[in-house]
Amino acid sequence: MPPPAITGIHAAWSLYRQCAATSAYHKKQLELFTKISLWLGIAGALIGTLGQVINPSPQSTTSKVAGIAGSIVVALAGVAATQATAGNRDKLWIKARAAGEGIKTCVFLYCASAPPFDGADRANVLADKTEKAMLDLKGTELRPGTIKDPPGPLTVEGYIKARVDDQIDYYNKTAIKHQERADFWRFCGLVAASSGAILGTVSALFSLAPWVALLSTVVTSLTAYVKGQQYESMIALYQATAARLSLLKDKWLDSGKSDADIAERSEFIKNCEDTMSLENGAWVAKWAEQTPKKAP
């Protein structure tokens with residue numbers, strides 16, 4: 001039997017879209033200012049090095065100007081780094097994402113008429129969970145959500161297409177994107193490290209010590225940046241979740257079961273949502289560890 005008509009998901013879906021928009025905004029700002037801080041830090045070190053190379057004398061005008069300019073750029077890098085987490089931006093990103101994914105799970109369970117949204121009071125159950133999420137988000141300034149229609153009534157086939165396949169595609173694409181970024185930054189670090197090693201060897205014949213120091217700074221900055229992005233842990237998490245969802249989907253399709261098999265249907269949908277909730281919880285835990293702790 002097809003699920004009943006959808007009448008009570010609009011408030012929950014609206015809250016999810018607001019959380020998604022808020023999370024995306026803070027993530028974008030966090031990434032932007034982090035990159036600005038990285039490049040300004042490198043630029044500041046480069047300016048200081050150029051000043052030393054052009055005129056090594058600390059009393060020279062060139063050296064003084066380069067030193068002042070380099071210090072200003074490095075200071076701006078610090079401002080950008082501070083701006084990245086200003087107003088607890090990192091915490092808001094994590095909080096909005098976690099809340100949004102939780103509501104999204106409830107919406108899809110409701111649309112598929114899966115427990116705990118399979119009874120006559122299912123609209124009240126969803127309303128209660130939505131209100132709880134709103135209370136948990138109290139004090140958080142949510143951004144207007146982009147307009148997108150909520151899912152309608154879902155059979156198992158519709159659930160697989162709208163939810164499972166969509167998430168598998170998201171996890172796989174995101175893992176690939178993270179891998180490409182990690183490879184790019186590692187390549188940059190390798191080039192800088194190799195160049196530093198070569199210059200370090202040549203510096204025995206020529207005065208290249210300032211450039212060696214600069215490249216050492218670049219390598220350190222890039223290494224810290226890549227570590228901060230947690231590419232490897234996120235890649236592993238997304239790939240593992242995509243694999244688990246694919247296995248659940250394959251087992252269901254091979255079972256020959258249908259919407260008429262209520263118990264098995266509910267268990268399959270619940271297992272899929274539990275898998276995605278597990279990913280969300282692990283994601284939150286990973287980034288919460290990354291969030292700087294305030295001194296007591």
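The values are calculated or read from the model by the stated rules, or taken from the named source; none is laboratory data. Being a predicted model, the structure only gives us computed values, none of them experimental. No Cβ is skipped: glycine too gets one built from the backbone with ideal geometry, and neighbour counts run over all protein chains shown.
Criterion applied to GLY228, GLY196 was being closer than 30 Å to LYS286 by Cα and either in the same structural domain as GLU273 (by TED's automatic domain parsing) or more than 32 Å from the chain's Cα centre (by Cα) (or both), and the one residue passing it is GLY228.
Restricting attention to the stretch 249-279, the residues that are surrounded by fewer than 18 Cβ atoms within 10 Å (Cβ to Cβ) and assigned to a helix (DSSP H, G or I) add up to 16.
Here is the figure for the stretch 108-123: residues that are without any contact (Cβ under 8 Å) to a residue 12 or more places away in the chain and surrounded by 14 or more Cβ atoms within 10 Å (Cβ to Cβ) total 2.
If only residues of the stretch 128-165 that are aliphatic (A, V, I, L, M) and under 30 Å from LEU253 (Cβ atoms) are counted, the one that is nearest to the chain's Cα centre (by Cα) is VAL164. Among the conditions (1) surrounded by 12 or more Cβ atoms within 10 Å (Cβ to Cβ); (2) out of contact with any Phe, Trp or Tyr (no Cβ under 6 Å at 6 or more places or on another chain); (3) modelled with pLDDT under 90, PRO150 misses just one, which is (2).
The sole residue among ALA182, ALA192, ALA242 that is touching a helix residue (DSSP H, G or I) at 6+ places or on another chain (Cβ under 9 Å), surrounded by fewer than 19 Cβ atoms within 10 Å (Cβ to Cβ) and not polar (S, T, N, Q) is ALA182.
Evaluating ALA77 against the criteria (1) more than 19 Å from TRP283 (Cα to Cα); (2) in contact with a Cys (Cβ under 7 Å, 6 or more places away or on another chain) leaves one unmet condition, (2). Filtering the stretch 195-250 to residues that are over 18 Å from ILE42 (Cβ atoms) and in contact (Cβ under 8 Å) with a residue 60 or more places away in the chain leaves GLN230, MET234, ILE235, TYR238, GLN239, THR241, ALA242, LEU245, SER246, LEU248, LYS249.
Taking the criterion of being on the phi < 0 side of the Ramachandran plot and among the polar types (S, T, N, Q), the residues of the stretch 97-137 that qualify are THR105, ASN124, THR130.
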